[in-house]
Structures are given as structure tokens and as C-alpha cells.
Amino acid sequence: MIGFWNNAEELPHEIAVIESDSGKMCTRGELASRTHQLVHMLRERGVTSTNVIAVVMENRTEFIEIFLAAMQAGLYFVPINYHLTAEEVTHILSDSDARAVFCSAEYAKTVLAAAETAGIDAKRRFVCGDESGFENYEDSLRNQPTDKPQDRSEGLMMTYTSGTTGRPKGIKRPPSGKNPDEVGELWSHPMRIFGVEGTDHVHLVQSPMYHTAVLAYANASAQYGHAIVLMKEWAAERVLEVIETYKISTTHMVPTHFHRLLKIDESDRLKFDISSLKYVVHGAAPCPVETKTSIIEWFGPVVYEYYGASEGGGTTVNSTDWLKYPGTVGRPWTWAKIKICDDKGEEVPVGVQGIVWMLMGAFEFQYHKSPEKTSESKRDGFFTVGDLGHMNEDGFLFLHGRASEIIITGGVNIHPSEIEAVLHQHPAVADVAVFGIEDAEWGELIKCVVQLIPGANPDEQTALDLKSFCQEKLAKFKVPRSIDFIDQLPRDPNGKLYKRVLKEKYSKNKA
């Protein structure tokens, strides 16, 4: 049976959520009852269908409770990155017209300042714990009925774009009014497109659930009735330990995870039994061919890739097809279409690079309060996020990075992902970022910032070694003009690299 509440009624004693750090467990029946209590409580406080609720919280059971409550109460659910400042949180709360906000004690100070500025009433501000200016989350649920609420309808995620250029915008879809007990099959699609079916899976959430894909895969698992294991803090060997302990069969990763896992000595990798893995789904960022090849050799043919965006998508590819066409992100989903166009919007021939446009069936969206951005990103029903790519003769899509990140040096277009992919293979490199720095003579110069593995020396000789490594694998004009070292690149826990921060820092000095 598909559908979280259906499964909760049929098998209430099955485990629904496990917190790997604390060992806390929650059954389906307990989780369903909590979602019902939460809906009753919110309605008492004036939060009704099509209203917006926001969450600023690490991976914990309460996050899933609040999300599922929204999904059965016809609410818009806005997950907010807990690394944001009070000003940034304020923007999202205000822009989304959030009616209520939930947070954990760790982020209470930031959220309180943002909620007060955004005008959210104190009776609709909730915290997991006791913090001034908030309602205690547990106390708010106490004495609320556990029976299924009346007038239930499908809720929707309203995620905000990363905001790498300008203020982030909410991606909003029209409410369907459907019964939440009847949309489990739709919500399970993120898993179904890879062939995942049945209830005998355990899903590991190892990235923050404020990311669209991470939350979508957790929701899909909940609809199937899979046990969901949550990780709060990410560490390479800890991931392998959790996989072995809980017999994880499905999980979502990003290339940053792959890079860091591959830095573990092979002898240490063999200490862990990860044979339970059946579906390792990855996306969100380009993955170098060498990195993915190594991961498939280690994990086996259980690696699946997707390409898409918070707005929709997309494509998928399994390990077998990827090994046949290394570097591809796959073919379109059965209900999606992909086309490659030039700057004028005209489709280009097979094999020619252009801007990737996507059509995701009947799934419509708009950027909240931003009709201009909505219209700019759409054309004839298709939308784009500005990625560059080409299709091969068998219909497989290959990406070349985002158009906005192209470095133009001496009149030549270079995408930083090509250089980053090479440097990721150097044994001393833990992480790397490549971008353009403005230059009067060349237009832009190629700048490289490297995070080294522990024990490597951030000196001039290492920089020369890295340049030599690039020269062996890249044309001379693609070799970084200069290389700097940094203790930690500015990434969020899901691997999103904030290049804007680096560009602002280094633009003050010539590369």
C-alpha cells in the first residue's frame, strides 16, 4: 500500500523514523498521531489551508512531523537553510507570507529576530525547547486530539532558490485540493523513477532536509512505508558506519560526499559492510567522470543519477548506461521533455551545445511575487535554470555547467567545472573552486582556490604541483593563472558551493 497515513493505519507499530545520533525511534502510528495533533493545534491558532508555515531546523523527527502535517492540511511548507542570517531568514518569512514558523533551540535567536521583523505572532512561533519569545513545541501539542483532522487536502513544498544571484525566490505551485491519502503514488515518484518499490527498504537522510531533493526523497520513502534514518552531522566514516548498522538500502548523495568518501584509505573502507545498498541516488551538482567511476567500482552498479531543479526536471541514468556514456546525466523522465536551444530560443542539432530547457508534464510553477523572473525562465511551456548542455544521438543529456559561471579569458569560453574535475583527482585536494577574476587585458583570469587534505602543505611547491597536474590534462589556456589555499571552502552541508563569496573576496586583488 502506498501513502504514509494508509500505511500508518495498517501497520502502526512499524518503525518510521530513527535519529542515528541519539538512537531515538518513532513508529508510523506515533508519527501519524503527531501530524494530526499538529494540524489541530495550527487550526486553533488560525493557520488554515493555503497558508504558509516555515521551518528552520536540523534533521530531526520534528522536522518530518511538521512537514507531513503541512502535507495533509493543504499548507505550503517552506524549509529554510539554518545557516542563513537573521536578515536572510526575514526575507524568506516576509516574502512567503509565512503564518507560522518552527525552529530548534540552536537557531532560536536568529529565528526570533527574523519572525519579529516579519510580523509573525508569538502564538505562531514554535521552538523545540524553552526559549523566550516562542511557544514550546511539545507543550503546544499536549492535549490535542490524535484523530485524523477533517477537511484534509494535499499540501505543497514551497522551496526558495539558492540566491546565488540576487534575493532567493519561492517556487510556488497551485494547490490541487486532492486527498492526501490518495496522492502517495505521486509523492513516491522520486523513488519510482529509479525502480524503487516495496516496503522493505531503509532510507538514509544524510544531507539537510531544507534541500528540495533531500526532502522529496525522504517524503517518497515515507509514502512507501520505508524506515527513515536521519543524520544530523555528516562525516565520511560515520556514513559507512550508519549504512552498516541500519542496513541502509536507499540514500541520496551529492558529488561532494563522493569526493570525501573516496579520500578514506581503502583499508579503512573495507572495515564496513555496505552491501545493503541498492539505490544510491545523486544529483545537485556536476560529478567528475573519474569520481563517479571510482564510486561505482566501490559501491557496485547501484548508483543512479538525476538532473533537475527545484522548479522541476528532468533526466535519470543508471550505472550501466552511465558507464556506456560516461558523463551523461541521462535521458528524460517518461513525463518530461528536454530540448537544447541557442540564445535566440531555436533548437540546436544533436551534439551541439546550448541552453537546456525542460518540460515536466503538467507540473506548473511560478516564482512567488516575481512574475518577471517567472516569464524570463519560461518559453512555450518549457523552463530553464541557465544550464548548458548537449544531447547525443541516443537521447542522453550531457551538461557543461551553468552559463552564468562561464569564464571568458582572451575571448575563449571556459567552464570551471572542467578544471575542477581535473583537480579533484589530485591526491592532495580535498575540495576546489575555480572562477573568473576581472582583468583589464584578458577580460578574466582563471582563479583557483583549493582546500587541501589534512597534512598537505599549502605552500608554493604544492601550488606548482597542482598547476603541473593541470598542464598534463588540460590545454594551456585552461590552466589556472594562480592557486590559493583555504582552510574550508564555503559550502553548505548539501555540497552547494557559494562561489559568490569567493569571487567577492578575491575580486579585490588580481588573480
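The values are calculated or read from the model by the stated rules, or taken from the named source; none is laboratory data. The model shown is predicted, which means the values in this text are computed figures rather than measured ones. Please note: Cβ atoms are built from the backbone with ideal geometry, for glycine as well, and neighbour counts cover all protein chains shown.
Observations
- Flag if residue 207 is outside any helix (DSSP H, G or I) and exposed (fewer than 14 other Cβ atoms within 10 Å of the Cβ): no
- Where a residue in segment 420-434 is touching a residue at least 60 places away in the same chain (Cβ under 8 Å) and its partner, wherever it lies, is aromatic (Phe, Trp, Tyr), with Cβ under 6 Å and at least six apart: none
- Any hit, segment 52-70, residues being in contact with a Leu (Cβ under 6 Å, 6 or more places away or on another chain) and β-branched (Val, Ile, Thr): yes
- Qualifying positions in segment 225-248 - touching a strand residue (DSSP E or B) at 6+ places or on another chain (Cβ under 8 Å), in a loop (DSSP other than H, G, I, E, B) and surrounded by fewer than 22 Cβ atoms within 10 Å (Cβ to Cβ): 231, 232, 247
- Single match in 126, 77, 134, 102 (criterion: among the aromatic types (Phe, Trp, Tyr) and within 26 Å of residue 385 (Cβ to Cβ)): 77
- Here segment 63-119 is the region considered, the condition is being over 28 Å from residue 177 (Cα atoms) and among the charged types (D, E, K, R), and the residue that is surrounded by the fewest Cβ atoms within 10 Å (Cβ to Cβ) is 87.
- Unmet requirement for residue 351, which otherwise passes all of (1) surrounded by 15 or more Cβ atoms within 10 Å (Cβ to Cβ); (2) touching a His at 6+ places or on another chain (Cβ under 7 Å); (3) over 24 Å from residue 196 (Cβ atoms); (4) not β-branched (Val, Ile, Thr): (1)
- Taken over segment 125-142, the criterion of being free of Cβ contacts under 8 Å to residues at least 24 places away in the same chain and hydroxyl-bearing (Ser, Thr, Tyr) is satisfied by 132 alone.
- Close contacts from segment 188-200, counting a first residue that is farther than 18 Å from residue 318 by Cα and a second that is among the aliphatic types (A, V, I, L, M) and in a loop (DSSP other than H, G, I, E, B), with Cβ to Cβ under 9 Å and a gap of 6+ residues or different chains, come to 188/2; 188/196; 199/1; 199/11.
- Scanning segment 170-198 for residues that are at pLDDT below 85 and under 21 Å from the mean Cα position of the chain (by Cα) gives 170, 171, 172, 173, 186, 189, 190.
- In segment 488-511, the residues that are surrounded by fewer than 18 Cβ atoms within 10 Å (Cβ to Cβ), in contact with an Asp or Glu (Cβ under 9 Å, 6 or more places away or on another chain) and at pLDDT below 70: 510
- Flag if residue 272 is of a type in the set (Phe, Trp, Tyr), more than 23 Å from the chain's Cα centre (by Cα) and either surrounded by 15 or more Cβ atoms within 10 Å (Cβ to Cβ) or in the same structural domain as residue 497 (by TED's automatic domain parsing) (or both): yes
- Single residue of segment 286-306 satisfying the filter (surrounded by 15 or more Cβ atoms within 10 Å (Cβ to Cβ) and modelled with pLDDT under 90) that is nearest to residue 355 (Cα to Cα): 286
- Segment 176-202, residues that are touching a helix residue (DSSP H, G or I) at 6+ places or on another chain (Cβ under 6 Å) and under 23 Å from residue 329 (Cα atoms): 187, 188, 190, 191
- Scan of segment 403-417 for residues that are buried (at least 17 other Cβ atoms within 10 Å of the Cβ) and modelled with pLDDT under 75, ordered by number: 403
- Spans of helices (runs of 4 or more DSSP H) in segment 1-114 with at least 2 residues in the same structural domain as residue 161 (by TED's automatic domain parsing) and touching a residue at least 12 places away in the same chain (Cβ under 8 Å): 28-44, 61-72, 86-96
- Residue match in segment 153-160 (condition: under 23 Å from residue 43 (Cα atoms) and among the aromatic types (Phe, Trp, Tyr)): no
- Qualifying positions in segment 442-489 - in a helix (DSSP H, G or I) and of a type in the set (Val, Ile, Thr): 462
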